[in-house]
Amino acid sequence: MYQTGRLHTCGKSKTIHYSAEKDNQFVVSFLDSATSYTYKKNALVQGTGKQRCSISSFLFKLLESRGIRTHYIDNNEHGQMLVEPLEMIKLEVIARNYAAGSIVRNYPVQHGHPFNPPILKLDMKFGNDPMLNSDYILAFKIATEKEIKVIRELAFEVNSILSSVFKESGLLLVDFKFEVGRLENGDIIVGDEISPDGMRLWDSETLESIDKDVFRFGTGDLFEKYQEVSSRLMEELV
Ligand code: C5P
């Protein structure tokens, strides 16, 4: 276990403590909680914290190996990740390759419709996460024009890398959410987590959901689905 100092943040699915061992490092502990704001669901699903930590660590290392900077430093088998400090930007960056979820509920598009090129959505991390445009982001001083450009480029690049990695594992990356933050020098890098908790993945052949939709709709076991994502990814690429 990493030794933790005082609490920095306590969220629904993670806690962040100062590291007791290293200055300028944080310990993220992934909790076994599953939530869906839209479907008003909140549950403890044993083992999913460790799964999210392990998959997220795997994907962060993979992104790093492809030249994308993330806050990841190290992880352990206890569902803890050691990360660099970041000033988090209050955005949820969402990339979509196929139509599912809110875009189908809110716009005239059919479930499964492919987006080529992919589309991006920037939501504000506030209340029920309202969608923003560049004017809103600038008006609320969430990010500068230059930063919005960097975030958009980063999102397309991360999406392209992850889509091809999942494709090799027989999975379609339908959509996913990630978060970004600023380093002290102002560089924007990937933070938070990238895991099946914030993505839709469909089996490439059957189009079956292997993701959090089984929790949202009560159609399957979340732990089993995360386990399948993990074994498909890691068997293919380790
Ligand atoms: O809800 P919506 O369909 O817009 O979500 C798009 C993608 O972003 C999904 O993969 C969902 O899991 C993820 N997401 C998330 N956290 C949010 C909103 C969306 O992980 N607060």
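What follows is calculated from the coordinates using simple rules that are stated; it is not laboratory data. The structure presented is a predicted model; accordingly, all values stated were derived computationally and were not measured. All Cβ positions, glycine included, derive from the backbone under ideal geometry; neighbour counts span all protein chains shown.
Looking at the range 80-188, the strands (runs of 3 or more DSSP E) lying wholly inside it that each contain 1 or more residues that are in contact (Cβ under 8 Å) with a residue 40 or more places away in the chain and of a type in the set (Lys, Arg) sit at 91-98, 171-182. When the residues of the range 78-118 are narrowed to those that are over 16 Å from the mean Cα position of the chain (by Cα) and β-branched (Val, Ile, Thr), which ends up nearest to the ligand (Cβ to nearest atom)? The residue in question is ILE103. Being at negative phi, surrounded by 15 or more Cβ atoms within 10 Å (Cβ to Cβ) and touching a residue at least 40 places away in the same chain (Cβ under 8 Å) is a property that holds for LYS14. Is it fair to say ASP203 is in contact (Cβ under 8 Å) with a residue 24 or more places away in the chain, charged (D, E, K, R) and away from the ligand (no atom under 15 Å from the Cβ)? Considered against the rule, which asks whether it is in contact (Cβ under 8 Å) with a residue 24 or more places away in the chain, charged (D, E, K, R) and away from the ligand (no atom under 15 Å from the Cβ), ASP203 comes out as yes. With respect to the conditions (1) free of Cβ contacts under 8 Å to residues at least 24 places away in the same chain; (2) assigned to a strand (DSSP E or B), GLY220 falls short on a single one, namely (2). Taking the range 119-163 as the range and being more than 15 Å from VAL190 (Cα to Cα), within 12 Å of the ligand (Cβ to nearest atom) and aliphatic (A, V, I, L, M) as the test, the residues that pass are ILE119, LEU120, MET124, MET131.
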